[in-house]
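Just so it is clear, none of the values below were taken in a lab; they were calculated from the coordinates. This is a predicted model, so every value here is computed, not measured. Here the Cβ positions follow ideal geometry from the backbone for every residue, glycine too, while neighbour counts run over all protein chains shown.
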Amino acid sequence: MTDAGAPAPGRRRLASLRPPREEDFSPRLRSPAVAARVGVALGVCFGLAFLTGLVSHYSQLPDPPVPVPTSPSWGYRVTQGLHVATGIAAIPLLLVKLWTVLPRLFQAMPRGVGPLAVATAERVSVALLVASAIFMLVTGLMNSTQWYPWAFSFRSTHYAVAWVAVGAIVLHVAVKLPVIRTALGADLEDTSQDRVPKTSPTRGVDQEGLSRRGLLTATWTAAGLAVLATAGATVPWLRRVSVLGVRSGDGPQGVPINRTASAAEVDPAAVGEDYRLEVVHGEQSVTLSRADLEAMEQRTEALPIACVEGWSAQGTWSGVRVRDLLDLVGAPAGAAVVVDSLQQRGAFSSTRLPGNFADDPRTLLALGLSGEPLSLDHGYPARIIAPNRPGVLQTKWVHRLEVQA
Ligand SMILES: Nc1nc2c(c(=O)[nH]1)N[C@H]1C(S)=C(S)[C@@H](COP(=O)(O)O)O[C@H]1N2
Ligand SMILES: [Mo]
């Protein structure tokens with residue numbers, strides 16, 4: 001409404017149904033002064049999301065070349081919380097950034113083979129940047145809401161495209177560095193960087209309404225609110241303000257349930273009286289009932305479940321040290337263990353516990369949570385809980401531990 005009553009020269013020309021031109025857009029808000037500032041925030045978010053994403057990806061390798069440390073126990077909880085929070089914050093930032101640079105889409109292509117080639121290369125790189133950034137945020141958001149409508153592997157695709165996005169960002173920043181530096185060095189209201197030619201009919205028009213400072217304040221507020229609305233899934237004291245959190249960070253026995261026993265198609269008969277845990281090391285093996293496990297020395301550890309989807313919760317787990325179980329079959333120190341679930345299908349039905357995790361005294365085959373026997377959905381009769389581990393590897397309904405040679 002800001003241009004009501006203004007001569008609106010741009011509007012008259014738009015009415016002729018030709019595509020808009022760059023100079024049809026008011027430069028007041030859509031200026032490098034705004035784009036550079038939002039871009040810095042976006043770059044920080046993508047940078048943090050990338051680094052924490054690398055941590056997450058590496059932590060999920062079954063046999064990482066350099067072991068993932070088991071301490072601090074809350075490490076993955078923090079890095080993955082940060083990963084999802086920076087991704088969420090990036091959504092409004094990216095929308096505003098795209099809006100500010102929209103006129104560039106209608107920029108006339110230069111004449112001459114050389115300039116045309118350069119302009120084309122630039123457009124292709126920006127298209128790659130925009131597409132990969134949108135892909136990262138959309139797939140990440142869908143993952144955090146546990147919506148997987150695609151056929152491809154989320155983890156490997158999100159990881160591969162992350163490199164494309166970060167590569168495109170680095171290239172973009174390098175190309176734009178002179179503009180970025182000038183824009184950031186000048187006052188926010190400075191118009192000398194604006195892309196519209198001084199003779200443009202829109203210059204001087206549209207001076208009312210939201211100011212650049214107002215737009216930036218609204219942008220930071222939107223990013224902050226988006227984080228506040230979701231971060232309660234991992235930050236307990238934000239639980240009550242996080243109205244959009246898919247997980248509240250709470251659930252039966254104080255911990256959310258990721259996948260129920262019935263969703264995982266765990267046979268109810270297999271978790272009853274006939275349940276047995278097999279611990280195998282080469283020729284040696286022991287078979288233990290749940291009562292046998294309860295008769296062993298019980299330990300209690302406060303450890304978080306931190307899901308890749310961004311929610312996490314601290315639990316007080318009790319059960320048997322994995323190392324104590326490995327000692328029953330004479331497993332050497334540092335031996336890795338393959339953990340098998342009663343769940344027959346799916347990627348999490350079998351996981352590998354590297355040697356340093358198997359040996360950590362805090363790593364339990366948990367039988368209880370919050371002073372009660374584990375609920376079926378939390379992994380009854382027994383589940384793995386280890387420090388500083390992605391939730392996906394905290395295998396539930398464990399029935400077999402096999403020491404790797
Ligand atoms: N067998 C099995 N174990 C599993 C899963 C699963 O689907 N199957 N989900 C994992 C995931 S993704 C998470 S985040 C944790 C969640 O544990 P909880 O449901 O007890 O909170 O369990 C892990 N253990
Ligand atoms: Mo998870």
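Only sites in a loop by DSSP and with at most 14 other Cβ atoms within 10 Å count here; which GluC sites (Glu not before Pro) in the stretch 264-319 make the cut?
Counting only loop positions with at most 14 other Cβ atoms within 10 Å, the GluC sites (Glu not before Pro) in the stretch 264-319 are Glu265, Glu273, Glu283, Glu297.
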So what's the net charge close to Trp397: Lys and Arg +1, Asp and Glu -1, counting the other residues with Cβ under 15 Å from its Cβ?
+1
Hey, if you put +1 on the Cβ of every Lys and Arg and -1 on every Asp and Glu Cβ in the stretch 16-238, which of Leu105, Pro236, Gly185 ends up farthest toward the positive end of that dipole?
Leu105
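What does the net charge come to around Val339 if you take all other residues with beta carbon closer than 13 Å to its beta carbon, with K and R at +1 and D and E at -1?
Values: positive: Arg352, Arg383, Arg389, Lys396, Arg400; negative: Glu278, Asp340, Glu402.
The answer is +2.
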For a quick check of your reading of the filter: which trypsin sites (Lys or Arg not before Pro) in the stretch 320-360 sit in a DSSP loop and have no more than 15 other Cβ atoms within 10 Å?
Arg345
If every Lys and Arg gets +1 and every Asp and Glu gets -1 at its Cβ, then about the Cα centre the chain yields a dipole, in debye to the nearest 20, of 2280
Please list, in order along the stretch 379-384, the HN-Hα scalar couplings obtained from phi with the Karplus expression 6.51 cos²θ - 1.76 cosθ + 1.60 (θ = phi - 60°), rounded to whole Hz, x for Gly and Pro.
x, 3, x, 7, 9, 7
Taking DSSP loops as anything outside H, G, I, E and B, show the longest stretch in the chain free of chymotrypsin sites (Phe, Trp or Tyr not before Pro) there with at most 15 other beta carbons within 10 Å.
153-405
Report ³J(HN,Hα) in whole Hz for each residue of the stretch 63-68, in order, from the Karplus equation J = 6.51 cos²θ - 1.76 cosθ + 1.60 where θ = phi - 60°; Gly and Pro get x.
9, x, x, 10, x, 6
Pairwise label distance in nanometres, Ser211 with Gln298, each label 7 Å out on the Cα-Cβ vector:
6.5
In the chain, if the dipole is taken from +1 on Lys/Arg beta carbons and -1 on Asp/Glu beta carbons about the Cα centre, which of Thr120, Val84, Met296 is farthest to the positive end?
Thr120
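So if R0 is 51 Å, what FRET efficiency would Ala127 and Val243 give, r being the distance between their Cβ atoms, rounded to the nearest 0.05? Before the final figure, lay out each step's value.
Details: r = 35 Å, r/R0 = 0.69.
My answer for the efficiency is 0.90.
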Net charge of Cβ neighbours under 14 Å - reference Asp292; Lys, Arg +1; Asp, Glu -1:
-4
Could you state the angle between the C-alpha long axis of helix 113-144 and the longest principal axis of the C-alpha atoms of the chain, as a value from 0 to 90 degrees rounded to the nearest 10?
40
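Do any trypsin sites (Lys or Arg not before Pro) in the stretch 79-175 lie in a DSSP loop with no more than 11 other beta carbon atoms within 10 Å, and if so, which? Could the numbers behind the result be given before it?
Working: sites: Lys97, Arg104, Arg111, Arg123, Arg155; in loops: Arg111.
When the trypsin sites (Lys or Arg not before Pro) of the stretch 79-175 are filtered for loop state and at most 11 Cβ neighbours within 10 Å, Arg111 remain.
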Separation between the Ala263 and Phe154 pseudo-spin-labels, each 7 Å from Cα along Cα→Cβ, expressed in nm?
1.0
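Let me spell out the model: positive unit charges on the Cβ of Lys and Arg, negative unit charges on the Cβ of Asp and Glu, origin at the Cα centre of the stretch 244-327. What dipole size does that give, in debye rounded to 20?
Values: 7 positive and 14 negative charges, 77 e Å.
Around 360 debye, computed over the stretch 244-327.
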Taking only C-alpha pairs under 8 Å that are 6+ residues apart, what is the relative contact order of the chain in percent?
20
Theoretical gain in end-to-end length, Val164 to Val179 [0.36 nm per residue, Cα-Cα removed]
3.1 nm
